[in-house]
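Everything on this sheet refers to the single structure shown next.
The values are calculated or read from the model by the stated rules, or taken from the named source; none is laboratory data. Please read all numbers here as calculations on a predicted model, not as lab measurements. Cβ placement follows ideal geometry from the backbone for every residue including glycine, while neighbour counts extend to all protein chains displayed. Surface accessibility is based on the protein's heavy atoms, side chains included, excluding ligands, DNA and RNA. Shrake-Rupley method; radii C 1.70, N 1.55, O 1.52, S 1.80 Å.
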Amino acid sequence: MLAAVGHCGACQEFDPARVPDDPVALFDEWFCHAVDSGVPEPHAMTLATADAAGRPSARVLILKDVGPDASWHFASSAASRKGRELTANPVAALTFYWPALGRQVRVEGPVLVDPPEVSAADFLARSPTARALATAGTQSAPYTDAAEVTAALAGVRDTDVAPAHWRSYAVHAEAVEFWQSDPDRRHLRLCYRRSPDWTRTLLWP
Ligand SMILES: Cc1cc2nc3c(=O)[nH]c(=O)nc-3n(C[C@H](O)[C@H](O)[C@H](O)COP(=O)(O)O)c2cc1C
């Protein structure tokens, strides 16, 4: 089956019969194509988590890396809402959407915390304000006065020591779905599942 995407200038054919055995290789291909096509912020993704009672929440984060072991990495505070949810319920789902290409990628699996040196490297690569915010450790906490934020930031300026709650996390994919839109709505969905080798299945649109 061959899907030629008819609605964008930067089309790339998607033939589910001719894909790599490994979803990381296909993600790489699609991601590079999104970058080459000028998709804005192609590394922005929605992270869905759930609390211990199964109540879901979602927010946009930046993808930091994808490992050859099918791990999708992001960084955040363990003290944030998502961080607390991941401590209570260490599973998550990620969604990428690249509208100009009519493409969506979904990743699901358990979440593990990366080694401290990975978290530290992420922290050091951040801007001074981002580092100060991370150090303040109050992500997702309520505040009433902007002066509270200013004072907290002033107290932790120019730090290059990653706080213990700054984490690099990784979703270790058990399932990765590639979705290619079709102008006729006969969308293509190809799902890779780890069992333990990767198997592929087509899903109805
Ligand atoms: C494009 C974009 C990128 C973002 N990247 C990150 C990120 O890498 N890490 C992070 O903690 N929050 C990031 N945020 C902020 C999150 O969406 C969210 O507001 C914050 O992490 C708090 O979420 P929580 O209260 O559910 O924990 C980003 C937001 C946007 C819109």
For this session: Can you confirm whether the stretch 147-165 contains a residue that is in contact with a His (Cβ under 7 Å, 6 or more places away or on another chain) and away from the ligand (no atom under 16 Å from the Cβ)?
Result: no
Seminar exercise, completed: Of the residues in the stretch 137-170, those that are under 24 Å from T49 (Cα atoms) and hydroxyl-bearing (S, T, Y) come to T138, S140, Y143, S168, Y169
Problem set entry | Per-region count, the stretch 44-63, residues within 11 Å of the ligand (Cβ to nearest atom), among the aliphatic types (A, V, I, L, M) and surrounded by 11 or more Cβ atoms within 10 Å (Cβ to Cβ) | 8
Exercise. List, please: which pairs have Cβ atoms under 6 Å, are six or more places apart or on different chains, and start with a residue in the stretch 103-125 that is on the phi > 0 side of the Ramachandran plot and end with one that is of a type in the set (G, A, S) and at pLDDT 95 or above?
Worked result: G109/A173
Problem set entry | Hits in the stretch 84-106 (condition: crowded, with 20+ Cβ neighbours inside 10 Å, within 13 Å of the ligand (Cβ to nearest atom) and either among the β-branched types (V, I, T) or not in a strand (DSSP E or B) (or both)) | E85, L86
For this session: Please indicate, with yes or no, whether at least one residue in the stretch 33-43 is of a type in the set (D, E, K, R), over 28 Å from R131 (Cβ atoms), surrounded by fewer than 20 Cβ atoms within 10 Å (Cβ to Cβ) and at pLDDT 95 or above.
Result: yes
For this session: Would you tally the residues in the stretch 143-188 being small (G, A, S), outside any loop (DSSP other than H, G, I, E, B) and within 20 Å of S119 (Cβ to Cβ)?
Result: 2
Seminar exercise, completed: Picked from the stretch 66-83 (must be within 12 Å of the ligand (Cβ to nearest atom) and part of a strand (DSSP E or B)), the residue most open to solvent (accessible area, probe 1.4 Å) is H73
